[in-house]
1. Have a look at Lys87, Lys102, Lys61 and tell me which one the Gaussian network model of the chain (Cα, springs below 10 Å) gives the largest fluctuation.
2. Would you mind computing Rg(Cα) / (2.2 N^0.38 Å) for the chain, counting N as its residues?
3. Between Ser54 and Lys87, 0.36 nm times their residue separation minus their Cα-Cα distance comes to what?
4. Find the relative contact order for the chain and round it to a whole percent, using C-alpha pairs within less than 8 Å whose residues are 6+ positions apart.
5. Net charge near Gly42, counting Lys/Arg +1 and Asp/Glu -1 over other residues with Cβ under 15 Å of its Cβ?
Amino acid sequence: GLATLEEMERLKSWMIITDLGSYLLSAWKDMAGAAGLSIQVGSLPAIATFRFNSERHLAYKTYFTQELLASGYLGGCLVFLSTAHTKKIIDKYCERAFEIFKSIHHFEADNIPESEFLQGPKCRTPFTRLND
């Protein structure tokens, strides 16, 4: 534990992670605006998150993850930043995320049924499974 804290102090990891998280939050806002989507970003930069401002937000969240996975990214609407991330990595991820955002805008604008873009079941809200 002490060695970890020493390494964090040496790297100033909190500064790196805050910078990267702020960079990602800003990128999501910019991409959503350019794609014609309304999203809400929030949380701490180290735990960057966003939500689609739509009644179909869970379907879009599912689609976003589905398409990221198909592109080799294990990701979704929540990212835990680390010192292993770089702006170059985030930029590459954002290239794919922007394409997905544009698709979601199309689904929203044209009211495309979820069955036409989801390959599996739609995700549920947190803790719903506890009420089953």
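1. Maximum among the listed residues: Lys87.
2. The value comes to 1.17.
3. Values: separation 33, 0.36 × 33 = 11.88 nm, distance 2.89 nm.
My answer for the length gained is 9.0 nm.
4. The value is 26 percent.
5. Working: positive: Lys29, Arg51, Lys61; negative: none.
Neighbourhood net charge equals +3.
Only the coordinates and a few stated rules stand behind these numbers; no lab work does. Everything quoted here is computed from the prediction, not taken from an experiment. All Cβ positions, glycine included, derive from the backbone under ideal geometry; neighbour counts span all protein chains shown.
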